[in-house]
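Accompanying notes for the structure given below.
The values are calculated or read from the model by the stated rules, or taken from the named source; none is laboratory data. Everything numeric here is computed off the predicted structure, so don't read it as measured data. Virtual Cβ from ideal backbone geometry, glycine too; neighbours counted across all protein chains shown. These area figures cover heavy atoms from the full protein model, side chains too; ligands, DNA and RNA do not enter into them. Shrake-Rupley method; radii C 1.70, N 1.55, O 1.52, S 1.80 Å.
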Amino acid sequence: MRFPTLIATLVFSLGNTAISAQNVEESAEHKQRMEWFDNAKLGIFIHWGIYAVNGISESWSFYNNYIPYSEYMQQAKGFTAKHYNPQEWVKLIKESGAQYTVITTKHHDGVALWDTQAGTLSTKKSTPAKRDLITPFVKAVRDSGLKLGLYYSLLDWSHPDYPNWTKTTTRYKISDDTARWQRFCDFNFAQMKELNNQFKPDLYWFDGDWEQTALDWRAADIVSMLRKDNPNVIFNSRIQGYGDYATPEQGVPVVRPKEPHWELCMTMNDSWGWQPHDKNFKSPYMLLRTFVDCLSNGGNMLLDIGPREDGTIPQEEIDILKEFGRWITKHKEAIYETRAGIPNEHFQGYTTLNPSGDILYLYLPYRPNGVVEIKGLVNKVNRVWVVGNGTMLNYKVYNKNYWSEVPGNLYIDVPDEVLDPQITVLAVLLDGPAKLYRGAGQVISVN
Ligand code: GLC
(Lines give C-alpha, C1' and ligand atoms only; values in the text may rest on other atoms or scores of the structure.)
Protein backbone atom coordinates (compact mmCIF):
# COMPACT_ATOMS: atom_id res chain seq x y z
CA MET A 1 0.00 0.00 0.00
CA ARG A 2 1.44 3.33 -0.99
CA PHE A 3 0.06 6.85 -0.88
CA PRO A 4 2.61 8.93 -2.74
CA THR A 5 0.39 11.96 -3.30
CA LEU A 6 -0.97 11.95 0.21
CA ILE A 7 2.52 11.72 1.59
CA ALA A 8 3.67 14.66 -0.49
CA THR A 9 1.10 16.85 1.24
CA LEU A 10 2.12 15.56 4.63
CA VAL A 11 5.67 16.78 4.28
CA PHE A 12 6.15 20.22 5.79
CA SER A 13 9.10 22.38 5.04
CA LEU A 14 10.39 24.42 7.93
CA GLY A 15 12.42 26.80 5.78
CA ASN A 16 12.61 30.52 6.21
CA THR A 17 9.00 31.41 5.67
CA ALA A 18 7.02 28.38 6.74
CA ILE A 19 8.40 28.22 10.24
CA SER A 20 7.32 31.70 11.20
CA ALA A 21 3.86 31.27 9.72
CA GLN A 22 1.50 31.82 12.63
CA ASN A 23 -2.18 32.48 12.93
CA VAL A 24 -1.64 36.19 13.34
CA GLU A 25 -0.90 38.51 10.42
CA GLU A 26 2.07 40.77 10.94
CA SER A 27 3.39 43.73 8.94
CA ALA A 28 7.02 43.84 7.83
CA GLU A 29 7.45 47.02 9.86
CA HIS A 30 6.24 45.32 13.04
CA LYS A 31 8.45 42.33 12.41
CA GLN A 32 11.45 44.59 12.10
CA ARG A 33 10.60 46.49 15.28
CA MET A 34 10.38 43.20 17.17
CA GLU A 35 13.64 41.80 15.85
CA TRP A 36 15.88 42.57 18.85
CA PHE A 37 13.20 41.26 21.20
CA ASP A 38 12.87 37.99 19.27
CA ASN A 39 16.62 37.44 19.46
CA ALA A 40 17.02 38.49 23.08
CA LYS A 41 15.36 35.38 24.60
CA LEU A 42 16.08 36.19 28.25
CA GLY A 43 15.19 39.33 30.16
CA ILE A 44 15.53 40.05 33.88
CA PHE A 45 12.58 41.68 35.62
CA ILE A 46 13.25 43.76 38.73
CA HIS A 47 10.55 44.43 41.32
CA TRP A 48 11.90 47.02 43.71
CA GLY A 49 9.89 49.35 45.88
CA ILE A 50 8.87 50.26 49.43
CA TYR A 51 7.19 46.84 49.80
CA ALA A 52 10.70 45.43 50.28
CA VAL A 53 10.92 47.20 53.64
CA ASN A 54 8.57 44.81 55.44
CA GLY A 55 8.95 42.18 52.73
CA ILE A 56 5.24 41.99 51.88
CA SER A 57 3.40 41.69 48.62
CA GLU A 58 3.84 44.65 46.30
CA SER A 59 0.82 46.99 46.49
CA TRP A 60 -1.62 44.09 46.78
CA SER A 61 -1.10 43.84 50.53
CA PHE A 62 -3.08 47.04 51.11
CA TYR A 63 -5.39 46.67 48.10
CA ASN A 64 -6.54 43.30 49.43
CA ASN A 65 -6.86 44.76 52.94
CA TYR A 66 -4.21 42.53 54.47
CA ILE A 67 -2.89 45.65 56.14
CA PRO A 68 -4.27 49.21 56.26
CA TYR A 69 -3.10 51.61 53.55
CA SER A 70 -1.43 53.90 56.09
CA GLU A 71 0.61 51.03 57.50
CA TYR A 72 1.68 49.97 54.01
CA MET A 73 2.80 53.52 53.22
CA GLN A 74 4.78 53.71 56.49
CA GLN A 75 7.28 51.45 54.76
CA ALA A 76 8.44 54.48 52.78
CA LYS A 77 10.19 55.69 55.94
CA GLY A 78 12.38 52.59 55.92
CA PHE A 79 13.36 52.54 52.26
CA THR A 80 17.05 53.51 52.21
CA ALA A 81 18.65 52.05 49.04
CA LYS A 82 21.84 52.41 51.03
CA HIS A 83 23.79 49.66 49.29
CA TYR A 84 22.28 50.25 45.87
CA ASN A 85 24.88 49.67 43.20
CA PRO A 86 23.28 49.71 39.76
CA GLN A 87 26.55 48.81 38.00
CA GLU A 88 26.70 45.60 40.03
CA TRP A 89 23.07 44.79 39.27
CA VAL A 90 23.67 45.27 35.58
CA LYS A 91 26.89 43.26 35.67
CA LEU A 92 25.01 40.36 37.21
CA ILE A 93 22.15 40.66 34.73
CA LYS A 94 24.58 40.71 31.86
CA GLU A 95 26.41 37.72 33.28
CA SER A 96 23.14 35.75 33.37
CA GLY A 97 22.98 35.84 29.58
CA ALA A 98 19.97 38.17 29.53
CA GLN A 99 19.82 40.72 26.74
CA TYR A 100 17.31 43.06 28.35
CA THR A 101 16.02 44.10 31.71
CA VAL A 102 12.74 45.58 32.90
CA ILE A 103 12.60 47.61 36.13
CA THR A 104 9.55 48.79 38.08
CA THR A 105 9.55 52.58 37.76
CA LYS A 106 6.22 52.68 39.59
CA HIS A 107 4.10 49.86 40.93
CA HIS A 108 0.36 50.03 41.73
CA ASP A 109 1.19 51.77 45.04
CA GLY A 110 2.14 54.90 43.10
CA VAL A 111 5.65 55.39 44.50
CA ALA A 112 7.83 56.53 41.60
CA LEU A 113 11.47 55.44 41.65
CA TRP A 114 12.52 58.41 39.53
CA ASP A 115 12.30 62.08 40.45
CA THR A 116 8.88 62.75 39.00
CA GLN A 117 7.69 66.33 38.80
CA ALA A 118 4.16 65.21 38.07
CA GLY A 119 3.37 63.81 41.49
CA THR A 120 4.44 63.93 45.11
CA LEU A 121 5.10 60.26 45.83
CA SER A 122 8.61 59.15 44.94
CA THR A 123 11.74 57.62 46.42
CA LYS A 124 13.29 61.07 46.08
CA LYS A 125 10.57 62.96 47.95
CA SER A 126 9.07 60.34 50.23
CA THR A 127 11.86 58.03 51.43
CA PRO A 128 15.25 58.31 53.20
CA ALA A 129 16.84 57.11 49.95
CA LYS A 130 16.15 60.71 48.88
CA ARG A 131 17.07 60.12 45.29
CA ASP A 132 16.15 59.15 41.80
CA LEU A 133 17.04 55.45 41.45
CA ILE A 134 16.17 55.04 37.80
CA THR A 135 18.65 57.49 36.21
CA PRO A 136 21.79 55.66 37.45
CA PHE A 137 20.24 52.31 36.54
CA VAL A 138 19.50 53.49 33.01
CA LYS A 139 23.05 54.76 32.66
CA ALA A 140 24.49 51.40 33.74
CA VAL A 141 22.13 49.55 31.38
CA ARG A 142 23.09 51.79 28.46
CA ASP A 143 26.80 51.38 29.20
CA SER A 144 26.41 47.61 29.19
CA GLY A 145 24.59 47.36 25.86
CA LEU A 146 21.53 45.67 27.38
CA LYS A 147 18.12 46.78 26.13
CA LEU A 148 16.09 48.82 28.59
CA GLY A 149 12.53 48.06 29.63
CA LEU A 150 10.50 50.22 32.00
CA TYR A 151 7.62 48.75 33.97
CA TYR A 152 4.91 51.34 34.60
CA SER A 153 1.61 50.69 36.34
CA LEU A 154 -1.14 52.51 34.49
CA LEU A 155 -3.32 52.31 37.56
CA ASP A 156 -2.25 54.19 40.67
CA TRP A 157 -4.14 53.24 43.81
CA SER A 158 -2.53 56.08 45.78
CA HIS A 159 -3.48 58.93 43.48
CA PRO A 160 -6.35 61.06 44.83
CA ASP A 161 -7.92 61.21 41.36
CA TYR A 162 -7.70 57.49 40.64
CA PRO A 163 -11.10 55.77 41.09
CA ASN A 164 -9.98 52.61 42.94
CA TRP A 165 -8.12 52.59 46.23
CA THR A 166 -8.60 49.17 47.81
CA LYS A 167 -10.83 46.32 46.79
CA THR A 168 -13.51 47.63 49.17
CA THR A 169 -12.95 51.38 48.81
CA THR A 170 -13.48 53.38 45.66
CA ARG A 171 -13.15 57.14 45.43
CA TYR A 172 -15.63 57.75 42.62
CA LYS A 173 -16.91 56.42 39.32
CA ILE A 174 -15.44 57.76 36.09
CA SER A 175 -18.90 58.25 34.60
CA ASP A 176 -19.88 60.43 37.58
CA ASP A 177 -16.90 62.74 37.36
CA THR A 178 -15.17 62.77 33.99
CA ALA A 179 -13.27 65.96 34.87
CA ARG A 180 -11.64 64.18 37.80
CA TRP A 181 -10.72 61.26 35.58
CA GLN A 182 -9.25 63.70 33.08
CA ARG A 183 -7.04 65.08 35.87
CA PHE A 184 -5.76 61.57 36.52
CA CYS A 185 -5.09 61.02 32.82
CA ASP A 186 -3.16 64.29 32.64
CA PHE A 187 -1.04 63.10 35.56
CA ASN A 188 -0.48 59.68 33.99
CA PHE A 189 0.47 61.21 30.65
CA ALA A 190 2.85 63.62 32.38
CA GLN A 191 4.63 60.77 34.16
CA MET A 192 4.93 58.70 31.00
CA LYS A 193 6.22 61.71 29.11
CA GLU A 194 8.93 62.16 31.75
CA LEU A 195 9.97 58.52 31.44
CA ASN A 196 10.01 58.76 27.69
CA ASN A 197 11.97 61.99 27.49
CA GLN A 198 14.46 61.15 30.21
CA PHE A 199 15.13 57.49 29.52
CA LYS A 200 14.03 56.67 25.94
CA PRO A 201 13.43 53.02 26.83
CA ASP A 202 13.40 50.22 24.25
CA LEU A 203 10.33 48.68 25.85
CA TYR A 204 7.42 49.66 28.07
CA TRP A 205 6.04 46.99 30.33
CA PHE A 206 2.62 48.28 31.31
CA ASP A 207 0.60 46.72 34.10
CA GLY A 208 -2.80 47.17 35.71
CA ASP A 209 -4.64 47.86 32.46
CA TRP A 210 -7.46 45.51 33.50
CA GLU A 211 -9.13 48.15 35.65
CA GLN A 212 -10.18 50.44 32.78
CA THR A 213 -11.02 50.23 29.08
CA ALA A 214 -8.71 51.23 26.25
CA LEU A 215 -10.90 54.25 25.72
CA ASP A 216 -10.69 55.42 29.33
CA TRP A 217 -6.93 54.91 29.48
CA ARG A 218 -6.66 56.84 26.16
CA ALA A 219 -4.54 53.87 25.08
CA ALA A 220 -4.24 54.97 21.45
CA ASP A 221 -2.99 58.40 22.57
CA ILE A 222 -0.51 56.85 25.01
CA VAL A 223 0.97 54.77 22.20
CA SER A 224 1.18 57.66 19.77
CA MET A 225 2.59 60.04 22.37
CA LEU A 226 5.36 57.61 23.32
CA ARG A 227 6.15 56.60 19.75
CA LYS A 228 6.32 60.19 18.59
CA ASP A 229 9.59 60.76 20.45
CA ASN A 230 10.68 57.14 20.59
CA PRO A 231 9.57 55.55 17.31
CA ASN A 232 10.96 52.04 17.78
CA VAL A 233 9.78 51.47 21.33
CA ILE A 234 7.76 48.29 21.92
CA PHE A 235 4.90 47.67 24.34
CA ASN A 236 3.83 44.58 26.20
CA SER A 237 0.21 43.55 25.84
CA ARG A 238 -1.12 45.09 29.06
CA ILE A 239 -2.50 48.16 27.39
CA GLN A 240 -5.91 46.90 26.35
CA GLY A 241 -5.22 45.70 22.83
CA TYR A 242 -2.44 48.12 21.89
CA GLY A 243 0.57 45.95 22.71
CA ASP A 244 3.22 44.39 20.49
CA TYR A 245 3.59 41.08 22.24
CA ALA A 246 1.72 38.71 24.54
CA THR A 247 2.63 38.31 28.23
CA PRO A 248 1.58 35.03 29.80
CA GLU A 249 2.31 35.33 33.54
CA GLN A 250 3.69 32.50 35.68
CA GLY A 251 1.93 29.73 33.71
CA VAL A 252 4.16 28.22 31.03
CA PRO A 253 2.12 27.94 27.82
CA VAL A 254 1.22 24.32 27.14
CA VAL A 255 0.45 24.79 23.47
CA ARG A 256 2.37 27.22 21.31
CA PRO A 257 0.85 30.71 21.67
CA LYS A 258 -0.69 31.95 18.44
CA GLU A 259 0.84 35.41 18.79
CA PRO A 260 4.05 35.81 16.80
CA HIS A 261 5.85 37.39 19.79
CA TRP A 262 5.47 36.55 23.44
CA GLU A 263 7.24 36.57 26.78
CA LEU A 264 6.60 34.49 29.88
CA CYS A 265 7.15 36.51 33.03
CA MET A 266 8.00 34.40 36.02
CA THR A 267 9.21 34.56 39.60
CA MET A 268 12.12 32.47 40.94
CA ASN A 269 10.16 31.72 44.12
CA ASP A 270 6.50 32.74 44.52
CA SER A 271 6.99 36.48 44.97
CA TRP A 272 7.77 39.40 42.65
CA GLY A 273 9.32 41.56 45.33
CA TRP A 274 11.59 40.55 48.23
CA GLN A 275 9.69 38.41 50.74
CA PRO A 276 12.12 36.83 53.21
CA HIS A 277 9.84 33.99 54.34
CA ASP A 278 9.39 32.83 50.75
CA LYS A 279 12.08 30.21 50.30
CA ASN A 280 10.15 28.34 47.67
CA PHE A 281 12.81 28.82 45.00
CA LYS A 282 12.75 26.72 41.88
CA SER A 283 16.08 25.08 41.12
CA PRO A 284 18.26 26.38 38.28
CA TYR A 285 17.37 23.16 36.45
CA MET A 286 13.63 23.81 36.73
CA LEU A 287 14.03 27.41 35.60
CA LEU A 288 16.33 26.47 32.73
CA ARG A 289 13.79 23.89 31.61
CA THR A 290 11.13 26.55 31.53
CA PHE A 291 13.48 28.85 29.65
CA VAL A 292 14.14 26.18 27.03
CA ASP A 293 10.41 25.45 26.90
CA CYS A 294 9.88 29.12 25.97
CA LEU A 295 12.61 28.99 23.31
CA SER A 296 11.17 25.87 21.75
CA ASN A 297 7.80 27.58 21.43
CA GLY A 298 9.26 30.78 20.01
CA GLY A 299 9.00 32.94 23.13
CA ASN A 300 11.14 34.83 25.63
CA MET A 301 11.42 34.47 29.38
CA LEU A 302 11.38 37.45 31.72
CA LEU A 303 12.77 36.11 34.98
CA ASP A 304 12.20 38.18 38.10
CA ILE A 305 14.43 39.27 40.96
CA GLY A 306 13.34 41.21 44.04
CA PRO A 307 16.09 43.23 45.72
CA ARG A 308 15.90 44.15 49.42
CA GLU A 309 15.09 47.74 50.41
CA ASP A 310 18.81 48.49 50.76
CA GLY A 311 19.48 47.44 47.18
CA THR A 312 21.14 44.09 47.88
CA ILE A 313 20.06 41.06 45.89
CA PRO A 314 19.30 37.82 47.79
CA GLN A 315 21.97 35.13 47.41
CA GLU A 316 19.52 32.53 46.05
CA GLU A 317 18.74 34.88 43.16
CA ILE A 318 22.39 35.63 42.50
CA ASP A 319 23.12 31.90 42.37
CA ILE A 320 20.33 31.30 39.86
CA LEU A 321 21.49 34.17 37.64
CA LYS A 322 25.05 32.82 37.68
CA GLU A 323 23.97 29.32 36.76
CA PHE A 324 21.91 30.75 33.89
CA GLY A 325 25.06 32.58 32.84
CA ARG A 326 27.18 29.45 32.84
CA TRP A 327 24.61 27.45 30.90
CA ILE A 328 23.73 30.17 28.39
CA THR A 329 27.35 31.10 27.69
CA LYS A 330 28.16 27.49 26.97
CA HIS A 331 25.14 27.02 24.72
CA LYS A 332 24.85 30.46 23.15
CA GLU A 333 24.83 29.18 19.56
CA ALA A 334 21.58 27.37 20.43
CA ILE A 335 19.94 30.30 22.23
CA TYR A 336 20.02 33.73 20.61
CA GLU A 337 18.63 33.94 17.10
CA THR A 338 16.97 30.55 17.26
CA ARG A 339 13.33 30.10 16.34
CA ALA A 340 10.58 27.78 17.54
CA GLY A 341 11.38 24.14 16.93
CA ILE A 342 9.53 21.12 15.60
CA PRO A 343 6.37 19.54 17.03
CA ASN A 344 6.85 17.23 20.01
CA GLU A 345 5.67 14.12 18.16
CA HIS A 346 9.02 14.15 16.38
CA PHE A 347 11.22 14.48 19.42
CA GLN A 348 10.53 13.86 23.10
CA GLY A 349 12.14 17.02 24.35
CA TYR A 350 12.58 20.66 23.45
CA THR A 351 13.84 21.83 20.06
CA THR A 352 14.66 25.02 18.15
CA LEU A 353 15.93 25.80 14.66
CA ASN A 354 18.56 28.24 13.45
CA PRO A 355 17.36 31.11 11.20
CA SER A 356 17.91 29.21 7.95
CA GLY A 357 16.17 26.14 9.35
CA ASP A 358 18.97 23.69 8.62
CA ILE A 359 20.29 23.22 12.14
CA LEU A 360 17.95 21.53 14.53
CA TYR A 361 18.87 21.95 18.20
CA LEU A 362 17.78 19.29 20.66
CA TYR A 363 17.67 20.10 24.37
CA LEU A 364 17.89 17.03 26.57
CA PRO A 365 16.36 17.56 29.98
CA TYR A 366 16.93 13.90 30.94
CA ARG A 367 19.78 11.45 30.79
CA PRO A 368 19.13 9.78 27.45
CA ASN A 369 20.10 6.17 28.31
CA GLY A 370 22.51 6.00 25.40
CA VAL A 371 20.48 7.31 22.46
CA VAL A 372 17.91 9.91 21.51
CA GLU A 373 15.41 9.41 18.71
CA ILE A 374 13.91 11.71 16.09
CA LYS A 375 10.93 10.54 14.05
CA GLY A 376 9.63 11.78 10.73
CA LEU A 377 12.64 13.83 9.68
CA VAL A 378 12.79 13.78 5.89
CA ASN A 379 16.20 15.41 5.56
CA LYS A 380 19.52 13.71 5.36
CA VAL A 381 21.67 14.48 8.39
CA ASN A 382 25.16 15.78 7.62
CA ARG A 383 26.62 16.00 11.13
CA VAL A 384 25.66 15.95 14.81
CA TRP A 385 27.66 17.62 17.61
CA VAL A 386 27.34 18.51 21.26
CA VAL A 387 26.85 22.25 21.62
CA GLY A 388 29.43 23.97 23.81
CA ASN A 389 31.52 20.80 23.92
CA GLY A 390 32.24 20.10 20.27
CA THR A 391 32.15 16.31 20.38
CA MET A 392 30.84 14.79 17.14
CA LEU A 393 28.25 12.12 17.76
CA ASN A 394 27.43 8.95 15.84
CA TYR A 395 23.98 8.63 14.37
CA LYS A 396 22.07 6.20 12.19
CA VAL A 397 18.64 5.87 10.59
CA TYR A 398 16.69 2.66 11.25
CA ASN A 399 13.41 1.44 9.71
CA LYS A 400 13.77 3.29 6.43
CA ASN A 401 12.31 1.06 3.74
CA TYR A 402 13.02 1.58 0.05
CA TRP A 403 9.32 1.14 -0.77
CA SER A 404 8.07 3.70 1.73
CA GLU A 405 8.19 7.47 1.79
CA VAL A 406 7.99 7.47 5.55
CA PRO A 407 11.37 8.50 6.94
CA GLY A 408 12.93 6.06 9.35
CA ASN A 409 13.84 6.78 12.95
CA LEU A 410 17.03 8.68 13.50
CA TYR A 411 19.03 7.57 16.54
CA ILE A 412 21.88 9.64 17.92
CA ASP A 413 24.37 8.13 20.36
CA VAL A 414 24.77 10.30 23.46
CA PRO A 415 27.55 9.07 25.72
CA ASP A 416 27.39 10.02 29.40
CA GLU A 417 30.61 12.00 29.31
CA VAL A 418 29.16 14.71 27.06
CA LEU A 419 26.20 15.45 29.34
CA ASP A 420 25.78 18.87 30.91
CA PRO A 421 24.77 18.81 34.60
CA GLN A 422 21.58 20.72 33.70
CA ILE A 423 20.43 20.36 30.09
CA THR A 424 22.57 18.95 27.27
CA VAL A 425 22.17 20.48 23.80
CA LEU A 426 22.82 18.69 20.50
CA ALA A 427 23.06 20.34 17.08
CA VAL A 428 21.81 18.34 14.09
CA LEU A 429 23.04 19.73 10.77
CA LEU A 430 20.63 18.92 7.95
CA ASP A 431 21.08 18.95 4.18
CA GLY A 432 18.67 21.92 3.90
CA PRO A 433 15.75 23.51 5.75
CA ALA A 434 14.08 20.94 8.02
CA LYS A 435 11.32 18.91 6.40
CA LEU A 436 8.94 16.82 8.43
CA TYR A 437 6.72 13.93 7.54
CA ARG A 438 3.49 14.43 9.46
CA GLY A 439 1.49 11.37 8.39
CA ALA A 440 0.32 8.25 10.16
CA GLY A 441 2.68 5.90 8.34
CA GLN A 442 1.92 3.23 5.76
CA VAL A 443 -1.56 2.61 6.98
CA ILE A 444 -2.75 -0.98 6.53
CA SER A 445 -6.55 -1.19 6.71
CA VAL A 446 -7.73 -2.29 10.14
CA ASN A 447 -11.27 -3.27 9.08
C1 GLC B 1 0.70 41.31 38.19
C2 GLC B 1 0.66 42.10 39.45
C3 GLC B 1 1.94 42.55 39.92
C4 GLC B 1 3.20 42.15 39.25
C5 GLC B 1 3.03 41.83 37.81
C6 GLC B 1 4.20 41.17 37.17
O7 GLC B 1 -0.33 41.44 37.36
O8 GLC B 1 -0.27 43.10 39.47
O9 GLC B 1 1.99 42.74 41.26
O10 GLC B 1 4.01 43.25 39.29
O11 GLC B 1 1.88 41.21 37.47
O12 GLC B 1 3.90 40.47 36.03
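Here are some notes:
- Among the numbered conditions (1) open to solvent by 40 Å² or more (accessible area, probe 1.4 Å); (2) touching a residue at least 60 places away in the same chain (Cβ under 8 Å); (3) farther than 18 Å from Met266 by Cα, the only one that Glu373 does not meet is (2).
- Output for region 90-141, where each listed residue is in contact with a strand residue (DSSP E or B) (Cβ under 7 Å, 6 or more places away or on another chain) and surrounded by fewer than 18 Cβ atoms within 10 Å (Cβ to Cβ): Asp115
- Residue count for region 161-182 under the criterion of being without any contact (Cβ under 8 Å) to a residue 40 or more places away in the chain and surrounded by fewer than 14 Cβ atoms within 10 Å (Cβ to Cβ): the result is 9.
- Helices (runs of 4 or more DSSP H) wholly inside region 116-205 containing at least 2 residues that are hydroxyl-bearing (Ser, Thr, Tyr): 123-126, 134-144
- Selection within region 278-311 - of a type in the set (A, V, I, L, M, F, W, C) and assigned to a strand (DSSP E or B): Met301, Leu302, Leu303, Ile305
- Selection from region 267-281 of residues that are open to solvent by 10 Å² or more (accessible area, probe 1.4 Å) and closer than 30 Å to Glu35 by Cβ: Trp272
- Boolean, Tyr63 is touching a helix residue (DSSP H, G or I) at 6+ places or on another chain (Cβ under 8 Å) and either within 16 Å of the ligand (Cβ to nearest atom) or at positive phi (or both): no
- Looking across region 75-124, the residues that are hydroxyl-bearing (Ser, Thr, Tyr) and away from the ligand (no atom under 16 Å from the Cβ) come down to Thr80, Tyr84, Ser96, Thr116, Thr120, Ser122, Thr123.
- All conditions but one from (1) in contact with a helix residue (DSSP H, G or I) (Cβ under 8 Å, 6 or more places away or on another chain); (2) modelled with pLDDT under 95; (3) hydrophobic (A, V, I, L, M, F, W, C) apply to Val255; the one that does not is (1).
- Test: residue in region 434-445 that is farther than 21 Å from Asn354 by Cβ, among the β-branched types (Val, Ile, Thr), at pLDDT 95 or above and open to solvent by 40 Å² or more (accessible area, probe 1.4 Å): no
- All of (1) at pLDDT 95 or above; (2) buried (at least 18 other Cβ atoms within 10 Å of the Cβ); (3) within 16 Å of the ligand (Cβ to nearest atom) hold for Thr290 with one exception: (2).
- Hits in region 265-278 - residues which are touching a helix residue (DSSP H, G or I) at 6+ places or on another chain (Cβ under 8 Å) and either more than 10 Å from the ligand (Cβ to nearest atom) or on the phi > 0 side of the Ramachandran plot (or both): Met268, Asn269, Trp274
- Flag for Ile328 being in contact with a Pro (Cβ under 6 Å, 6 or more places away or on another chain), more than 16 Å from the ligand (Cβ to nearest atom), open to solvent by less than 40 Å² (accessible area, probe 1.4 Å) and in contact (Cβ under 8 Å) with a residue 24 or more places away in the chain: no
- Qualifying residues in region 312-321 (those that are open to solvent by 30 Å² or more (accessible area, probe 1.4 Å) and in a helix (DSSP H, G or I)) - the one farthest from Thr127 (Cα to Cα): Asp319
- Whichever residue in region 238-250 is open to solvent by 40 Å² or more (accessible area, probe 1.4 Å) and either assigned to a loop (DSSP other than H, G, I, E, B) or out of contact with any strand residue (DSSP E or B) (no Cβ under 9 Å at 6 or more places or on another chain) (or both) and, among such residues, is nearest to the ligand (Cβ to nearest atom): Gln250
- Across region 150-183, the number of residues qualifying as touching a helix residue (DSSP H, G or I) at 6+ places or on another chain (Cβ under 6 Å), away from the ligand (no atom under 16 Å from the Cβ) and aliphatic (A, V, I, L, M) comes to 1.
- The lone criterion from (1) within 20 Å of Asp304 (Cα to Cα); (2) β-branched (Val, Ile, Thr); (3) in a helix (DSSP H, G or I) left unmet by Val102 is number (3).
- The requirement of being open to solvent by 10 Å² or more (accessible area, probe 1.4 Å), in contact with a helix residue (DSSP H, G or I) (Cβ under 9 Å, 6 or more places away or on another chain) and under 23 Å from Asp207 (Cα atoms) is satisfied by Lys147.
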